[in-house]
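Presented below is the structure to which this report refers.
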Amino acid sequence: MSILLSTNEEAFCCGTDDLSHYYQRLRKQQNGCLLFCISGEADVTLDLKRYHLSADCTLLLLPESIFSVERRSEGFRVHYFSYSKEMFDAACFRLEPTFIHFLKENPYYHHKNAELLKAIHGLVEASNAIYRDRENRFRNAIAQNHLQVFFLDTYDKTQRIFSQQQNDESNRKEELFKRFISLVHTHCKEHHDVAFYADCLCISTRYLSAITRVIGQKSAKEIIDDYLVLELKMTLQTTNLTLKEIADRFHFPDQSFFGRYFKRHTGMSPKEFRTENR
């Protein structure tokens, strides 16, 4: 198991790592994790988006994120603070839904601001100290409080950096787009058609694709396919399910249809992809 994932016995863990477990491998995070680059550099993908990590950069992985390291330099290291989904939910319990949207849409920061760097270093030192103090009866509660304070402090400071237009949650098209992406994350295994998502949002398929083209530069169907293929790749890499079982799990009509769909979007058959990436 990756050290970035908390074990069943621990609600959180922290330390330093080179992320070798994620090198050219897609991994779905059941837990959340805050990464702070302390040396070297790397190119990573998080939920289909690419980011470049170098010294003083942070990347926030929310629970259920799909993460991979595409390239890393010699000496690349990060400090990580990994926390369970339960701890994340508790830390964000009283926060507005717009806050979670903001975190998801803005997971990457290159800290040039002295105040932001101070907050990051404070969290690193505090999390390390409480993680080592295993005799402390309130260890998990203290870590949760540190996490909540960090989220609130980061949110407050980064809101000042991003333009008002970016953070305007009243914009109906942006809100619909965010809800669409959330629905795709949840339902892309079972529902592959745009109509399902348009119905959930109470808008037409045409209007939904118009929104996604403006905000996401892709059609709604292309976005659904991107997330579905990402889930399929991860399943082929990390499970021993047969191709028929995968076709059934992802609600394809049959194994043959699944094979044609996958090859159309990746250029190789599911079997070829699994062989090459095992």
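Please specify each residue of the range 261-278 satisfying the condition of being of a type outside the set (S, T, N, Q) and either more than 17 Å from Ile224 (Cα to Cα) or touching a residue at least 40 places away in the same chain (Cβ under 8 Å) (or both).
Within the range 261-278, His265, Gly267, Met268, Pro270, Lys271, Glu272, Phe273, Arg274, Glu276, Arg278 meet the criteria.
Restricting to the range 112-144, give me the number of residues that are of a type in the set (S, T, N, Q), touching a residue at least 12 places away in the same chain (Cβ under 8 Å) and more than 15 Å from Phe36 (Cβ to Cβ).
Selection size over the range 112-144: 2.
Test Leu241 against the stated conditions and say whether it is outside any helix (DSSP H, G or I) and either hydrophobic (A, V, I, L, M, F, W, C) or in contact with a strand residue (DSSP E or B) (Cβ under 6 Å, 6 or more places away or on another chain) (or both).
yes
Across the range 46-72, what is the number of residues that are in a strand (DSSP E or B) and more than 9 Å from the chain's Cα centre (by Cα)?
13
Kindly establish whether Ile120 is among the aliphatic types (A, V, I, L, M), assigned to a helix (DSSP H, G or I), at pLDDT 90 or above and in the same structural domain as Pro63 (by TED's automatic domain parsing).
So Ile120 does not fit the description; no.
Would you list the helices (runs of 4 or more DSSP H) that sit entirely within the range 125-207 and hold 1 or more residues that are more than 30 Å from Phe252 (Cβ to Cβ) and modelled with pLDDT of 90 or more?
139-161
Name the single residue, out of those in the range 38-62 being touching an Asp or Glu at 6+ places or on another chain (Cβ under 7 Å) and buried (at least 17 other Cβ atoms within 10 Å of the Cβ), that is nearest to Ala143 (Cα to Cα).
Leu53
Answer yes if at least one residue in the range 178-185 is under 22 Å from Ile100 (Cα atoms), in the same structural domain as Lys263 (by TED's automatic domain parsing), among the basic types (Lys, Arg) and loosely packed, with under 15 Cβ neighbours inside 10 Å, and no otherwise.
yes
Can you tell me which residue is surrounded by the most Cβ atoms within 10 Å (Cβ to Cβ) among those in the range 237-267 that are under 22 Å from Ser68 (Cα atoms) and of a type in the set (A, V, I, L, M)?
Filtering first and then ranking leaves Ile246.
Can you tell me which of Ile223, Ile211, Ile246 is closer than 29 Å to Glu276 by Cβ, part of a helix (DSSP H, G or I), among the aliphatic types (A, V, I, L, M) and over 17 Å from the mean Cα position of the chain (by Cα)?
When all the criteria are applied, what remains is Ile246.
The values are calculated or read from the model by the stated rules, or taken from the named source; none is laboratory data. Predicted, not measured: the structure shown is a model, and the values here were computed from it. Neighbour counts are summed over all protein chains in view; Cβ atoms, including those assigned to glycine, are modelled from backbone coordinates with ideal geometry.
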